[in-house]
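Data first, discussion second: the structure below is written as structure tokens.
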Amino acid sequence: MAWREDLRASTRALGVAACTVRRCGVLYAGEHLRGADFARSDAAVRAWSADLLRCLNVEVAAGGLDASGPVPASGRLLVSNHRSMLDVLVLLSRFGGHMLSKNDLAGWPVVRDLAAIAGTLYVDRSAKASGAVAIRQVAERLGQGRVVTVFPEGTTFPDDEVRPFHAGAFLAAIRGGAEVLPVGLAYREPVATYFQEPLGVHGRRVFSAPSIRVALHVGAPMPSKDRTTKRLAAEAHDAVQDLVTAARGSL
């Protein structure tokens, strides 16, 4: 019934707000007392993301290879398909690091706060200069030995077909010799997908869903050395497609 969905959505919104206030307060207090530290803020972002997933009753079923090992000194570029606003929380909770996002993420409630603390990088795909700046920023973060997550399809789509990848972020990986880690996501519930609709409509569906299950499959790290951006983007695309298919099969 509609009233039950409204009640569930309202209760979860309050839980998300409380979690956000608590996590932000602890993080900002810690940085004020001890000074900013990437390791602490990264751990806080991962914990915060996991808390939000629990508030929304989102279950993450991980499969594929184990990517819990140390990040190489040259960094790790994580590439994934993009299907939901939940993707950001799922990937940050598992891998931490930074996100490269379209600049409209800055308008997403709660997610924008998480993105700010996670040091999210923004790109305006309609502006060539913005893309060049984003590539330099991604290369800098990778050079610091960090994880940078990108959605190379450029936007969200409603199904398991992985669209062609934009090559910009792969150029950043090649410049510094960073490894590329492919990841595939698949959602059991169609309500989780976000495609050509107002964010509020998508958010209400997610907040009012009884539960959501997402399968996350991790592939083998791919070297960027001696690759062209076109070749690396194509190889990563094929790997992500195979992982999405595997993720779907596990649901």
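Read-outs: derived from the displayed coordinates by stated rules, not from any lab. Please read these numbers as outputs of a predicted model, since none were measured by experiment. Here the Cβ is made from the backbone with ideal geometry for all residues, glycine too, and neighbour counts use every protein chain on show.
Computed from backbone phi, the HN-Hα couplings of the stretch 140-156 come to 5, 5, 5, x, 8, x, 10, 8, 10, 9, 10, 10, x, 5, x, 6, 8 Hz, rounded to whole numbers (Karplus: 6.51 cos²θ - 1.76 cosθ + 1.60, θ = phi - 60°; Gly and Pro given as x).
Among residues other than E59 whose Cβ falls under 11 Å from its Cβ, what is the net charge (Lys/Arg +1, Asp/Glu -1)?
Numbers: positive: R54, R188, R213; negative: E189.
So the surrounding residues net to +2.
Straightening the chain between A234 and D160 buys 25.0 nm, computed as 0.36 nm per residue apart minus the Cα-Cα spacing. Equivalent-ellipsoid semi-axes for the stretch 40-89 (Cα gyration tensor, √(5λ), whole Å, largest first): 21, 15, 12.
Taking θ as phi - 60° and the Karplus parameters 6.51, -1.76 and 1.60, the scalar couplings of the stretch 198-203 work out to x, 4, x, 5, 4, x Hz in sequence order, x denoting glycine and proline.
Each residue, R136 and D37, gets one label point 7 Å from its Cα in the Cβ direction; the gap between the two is 3.2 nm. Taking other C-beta atoms within 10 Å as the exposure proxy, S80, S68, S74 rank S68, S74, S80 from fewest upward.
Summing charges over neighbours of V138, with a neighbour being any other residue whose Cβ is under 12 Å away from its Cβ, gives +4 when K and R count +1 and D and E count -1.
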